[in-house]
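Colleague: Below is a structure I'd like to ask you about.
Read-outs: derived from the displayed coordinates by stated rules, not from any lab. Note that the structure is a prediction, hence the values are computed from the model and not measured. Glycine also receives a Cβ, built like all others from the backbone with ideal geometry; neighbour counts cover every protein chain displayed.
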Amino acid sequence: METINPAPPSLRYAWMVVAILMLANVSSFIDRQILSLLVRPIKRDMGLSDFEVSLLMGLSFALFYTFFGMVIGRLADQYNRRNIIVAGIATWSLMTALCGSVRTYGQFFLARMGVGVGEATLSPSAYSIISDYFPKNKLASALSLYSLGIFLGSGIAMLIGAGVIARLPTEGMVRIPLFGEVFPWQLLFVYIGLPGLLIALLILRVKEPVRKGLLLDQGQARNFNTREALKTILNKKAAFWGVCLGASFSALCSYGLNAWVPTYLQRTFDWSIPKSGLYYGGVVVVSSLLGVLWGGWYADKLIHKSIPTGRIRVGIISTAGVLLSFPIPLIPDGHLAVLAFAIPGFFIASNIGISAAAIQEIMPNQVRAFASSIFLFVLNLIALAMGPSLVAAFTDFVFNDEGMLKYSLVFLLILGGSLGVGGFLWSIKNYKEELILHHAHLNSGKP
């Protein structure tokens, strides 16, 4: 038995593909995160509580994102991944714009579900495409650069939102062609949603790569049915699940912070919405850029030194850094506090790309997108569905005081950081052995 390993494509073209996919990732997270700046006007105009708004940020999106992500991941292992991404971008862009026309909480919830369906197409397909474009000693850097879109999108959403919100009317209604009269803040969804259609056209320039690392059976690529694919993934045991949990609890902190730090700055230091978005958005962009570059570079450096658990080691270091940043929300000066949030921002950003690379490395090509979708299912079930709502639940139901939001953020960092460290520690004990078994299976043709 052998595996299909075609000649690698040009690295220059491969990096261009990563840049285009990262741009799509930026767009998806702008659409996803813009709600964090709109908590105050949404609550005011729709009569909602913190917890109800948090469901729009997390659960409404995560329900369909996680479910359809696994379905789409399975399709991406069998069909053209680029075309799947194009269809997804068009869907989430239109559904984001549709949020600009909703009249009720139920309609808003359904529109956010639609955004989740579209965005579920991107990362499982992108992880698989990138893995086919890069050698192993550059994969962590490539996937980290793609993952930079998460943090750039989150930061840019705040920067764009801060600039646009400052120019929107604060009361009354505005008229949008086709949509009729809407609240002023709903204009923002139209402004950020429709440009995504241009990115869908750009993705059409990406060539679907030849799949490499395929298991062969008698000289032909082996076909996996869904049961065989799932069994292959689940057999990775702690090596797979530890990475899933480590990255997920780190991301729990990311989603919780991005959803509520702008509101924390408004409530604790009486900052305006534009100022909160401008300062925190700038911190997220800069710290995340540095964290992504460091995480990918250091993980690939360890792999180059023949340390097979190098990516997991970076995960342990990064989640420990998140844990140790827990006192930051208690800093009494707003400007110092917002600058200090660069610390968890750096460490959170440093591990998402290396986690994706670690999973790609221990999976045969026929199940990589499916494995990525399960990874993202766990991550979003924990981080996206729970992160924003966990903070709001403590504020509303434990402290019963909006002014205690800073203590909810402290709890978030302690919980997410400690459980994230635990996940990566669980994985590292089994990851090296799983790598050896994986390469032996590739050579034998057995899953």
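Colleague: Relative contact order, percent, of region 277-411 when contacts are C-alpha pairs under 8 Å separated by at least 6 residues?
Modeller: It comes to 29 percent, rounded to a whole number.
Colleague: Span-like helices, the chain: DSSP H, alpha-carbon axial extent 27 Å or more, mean Kyte-Doolittle 1.0 or greater, which ones?
Modeller: Going by DSSP H runs, the hits are 136-165, 342-361.
Colleague: Which of Gly58, Gly281, Gly47 ends up with the largest GNM mean-square fluctuation for the chain, with Cα atoms connected below 10 Å?
Modeller: Between Gly58, Gly281, Gly47, it is Gly47 that shows the largest mean-square fluctuation.
Colleague: Given a cut-off of under 8 Å on Cα pairs at least six residues apart, what relative contact order in percent is computed for region 178-327?
Modeller: 13
Colleague: When the dipole is taken about the Cα centre of region 296-447, and only Lys, Arg (+1) and Asp, Glu (-1) are charged at their Cβ, what size is it in debye, to the nearest 20?
Modeller: Dipole size: approximately 680 debye.
Colleague: Dividing the Cα convex hull volume of region 245-387 by residue count, how many Å³ per residue is that?
Modeller: That works out to 102 Å³ per residue.
Colleague: Taking a 22 Å limit on the Cα-Cα distance, which of the listed pairs Lys301/Lys432; Lys43/Lys406; Lys138/Lys231; Lys236/Lys301; Lys231/Lys432; Lys305/Lys429 fall beyond it?
Modeller: With Cα atoms farther than 22 Å apart: Lys138/Lys231; Lys236/Lys301.
Colleague: With charges only on Cβ, +1 for K and R and -1 for D and E, what is the dipole size of region 3-444 about its Cα centre, in debye, rounded to 20? Before the final figure, lay out each step's value.
Modeller: Working: 33 positive and 21 negative charges, 238 e Å.
Rounded to the nearest 20 debye, it is 1140 debye.
Colleague: Return the label of the correct value of mean projected area of the Cα convex hull in nm², as calculated from the structure shown, out of [x] 23.0; [y] 21.1; [z] 19.6.
Modeller: The calculated read-out lines up with [z].
Colleague: Moving to a separate point now. Could you tell me the center-to-center distance, by alpha carbons, between region 52-95 and region 131-146 in angstrom?
Modeller: 23
Colleague: Using a Gaussian network model on the chain with a 10 Å cutoff between Cα atoms, which of Glu433, Glu171, Glu208 fluctuates the most?
Modeller: Maximum fluctuation in the GNM of the chain, among the listed residues, is at Glu171.
Colleague: Calculate, in whole percent, how much of the Cα-Cα pair population of region 77-199 lies beyond 20 Å. Working shown, then result.
Modeller: Details: 4009 of 7503 pairs.
Roughly 53 percent, rounded to a whole number.
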